[in-house]
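Here is the structure we will look at.
Just so you know, all these numbers are worked out from the coordinates, no wet-lab data involved. Predicted, not measured: the structure shown is a model, and the values here were computed from it. A quick note on method: Cβ atoms are made from the backbone with ideal geometry, for glycine too, and the neighbour counts reach across all protein chains shown.
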Amino acid sequence: MIRQTKAGTWEVDHYYFDTEGKRRRKLRTFAKHKDAVAYEKEALAQVQKGEFIAPTKESVKERAESWLEKRFATGNYERATKIERENYVKNYIIPAFGGLPLQSLTIEKIEKQAAEWNKKVGALTVNRVLRTLSDIMAEAKRHGKIKDNPAREAERIKEETDTVTPDKVLTRDELRRVINATESGTVQRIMIMTLALTGIRVGELLAARWGSIDLDNGKFEIKSTMADPDKGQPVIFKKPKTPSSLRAVPLSKELVHELRLWKMKSPLSAPTDLVIISDQLRPVRRRRVLELIEKIVEELKIEKHMTPHSLRHTFASLLLARKTPVPEVSHYLGHKNPGITMTIYAHFTSEHTNAVHDFSASILENVSNDVSTDVSITSGNVR
């Protein structure tokens with residue numbers, strides 16, 4: 001039913017039955033009569049189709065906090081993922097939209113806020129915040145709180161892939177010093193050398209088992225990665241996220257030698273068969289690897305911020321600087337395609353060569369001898 005209020009506005013008053021069969025009442029006010037008529041018509045059509053969404057007072061903040069709590073209720077997650085999602089919810093989504101009712105969040109509002117975020121942080125961060133908001137709203141949609149997911153439809157900010165620059169990697173001499181700062185036959189040297197000489201991810205290193213390493217043929221089959229949840233939670237071993245991460249990487253003879261030494265010293269009685277194992281026969285967490293690298297770099301007075309991932313970047317950059325084919329390096333890194341490798345390591349693949357000149361010379365080397373009397377160019381005519 002539509003009626004005019006004392007204020008001159010138009011009020012739509014109608015009843016409906018929710019999905020549980022309970023009779024509900026809904027009021028909506030419009031400035032124009034035609035808008036009220038259009039709304040009533042649409043609402044009735046939705047009710048008949050079973051698509052009508054009952055009004056809710058639940059706010060974005062309430063839904064976001066509930067989603068976050070349920071999302072990480074178990075320990076089956078990576079600690080870094082939890083920290084990242086909590087940051088997006090508490091420092092971006094709630095401050096921007098927390099006080100709004102779920103049903104009032106629109107694509108326009110989200111895109112406007114995304115542009116504001118992009119003034120302070122990069123496109124990658126903004127798009128990850130939007131993905132988190134989309135996950136939250138998707139849950140609300142599944143629960144019948146909203147009809148559509150505006151965060152999913154909101155346009156993303158165009159991203160530019162970060163490239164690795166020389167200041168983010170070690171030189172050959174610096175890498176040699178870092179490796180030599182560890183003692184031969186120790187787990188510390190194995191951690192540093194394997195990351196730096198294979199380019200694998202730290203999670204892949206910490207999940208490595210002796211059964212996946214062929215020392216006779218110098219090959220490491222990467223089949224799993226390690227997730228590192230909160231303190232007190234057990235680590236999780238799982239398959240890598242992408243098919244390209246399931247790969248075999250070669251092991252140099254120097255690395256094979258160190259692995260043999262460590263295998264003789266390591267506690268083989270450990271039930272996990274892990275290559276990287278602590279003195280307590282427990283898996284080693286990522287933080288320990290980071291602390292080891294930071295300590296070595298500080299002691300050597302190398303003024304670069306180094307992490308386990310920096311050794312992966314060092315591996316790739318040094319290989320590419322030696323003119324190793326990009327597809328080969330891409331395979332070692334487990335990238336989806338060589339284009340990703342080219343973009344990330346553009347600083348190490350953009351060196352100019354004489355290839356074009358050599359190619360041209362090889363084509364035109366004997367051109368003067370090939371010109372016959374059948375073709376001559378005189379006075380602008382070709383015969």
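Rounded to whole Å, give me the distance from the Cα center of the range 272-287 to that of the range 147-166. When both Cα centres are located, 37 Å separates them. When Tyr92, Tyr77 are arranged by Cβ crowding within 10 Å, least crowded first, meaning fewest neighbours, the order is Tyr77, Tyr92. For Lys90 and Leu290, the FRET efficiency from 1/(1 + (r/R0)^6), where r spans their Cβ atoms and R0 equals 30 Å, is about 0.80.
For the listed residue pairs Lys61/Lys168; Lys147/Lys336; Lys70/Lys168; Lys219/Lys241, the alpha carbons are over 27 angstrom apart in Lys61/Lys168; Lys147/Lys336; Lys70/Lys168. In terms of the Cα gyration tensor, with a ≥ b ≥ c the square roots of its eigenvalues, is the range 60-153 rounded because a/c is under 1.5, prolate because a/b exceeds b/c, or oblate? Oblate is the answer for the range 60-153, as a/c is 1.5 or above yet b/c matches or exceeds a/b.
Ranked for footprinting exposure by Cβ neighbours inside 10 Å, fewest first, Leu281, Leu205 give Leu281, Leu205.
Evaluating 6.51 cos²θ - 1.76 cosθ + 1.60 at θ = phi - 60° for every residue in the range 128-140, the Karplus couplings come out as 6, 5, 5, 5, 5, 4, 5, 5, 5, 5, 5, 5, 4 Hz, glycine and proline recorded as x.
Applying a DSSP loop filter and a limit of 16 other Cβ atoms within 10 Å to the GluC sites (Glu not before Pro) in the range 113-218 leaves Glu155, Glu159, Glu160, Glu183. Neighbour counts of C-beta atoms inside 10 Å place Leu133, Leu197 in the sequence Leu197, Leu133, starting with the fewest.
Near the amide H of Ala207, within less than 5 Å, lie the amide hydrogens of Met226, all on another chain or at least 5 residues away, with H placed in the peptide plane. Under 11 Å from a label point 7 Å along Cα→Cβ of Leu100: give me every residue in the range 114-155 with its amide N that close. In the range 114-155, the label zone of Leu100 (backbone N under 11 Å from the point 7 Å along Cα→Cβ) covers 114, 150-151.
Amide H contacts of Glu78: none lie under 5 Å away among residues 5 or more positions distant or on a separate chain (H built 1.01 Å from N in the peptide plane; Pro and chain starts excluded). Distant-in-sequence amide contacts of Lys219, defined by a placed amide H-H separation under 5 Å and a gap of 5 or more residues or a different chain, comprise Asp214, Leu251.
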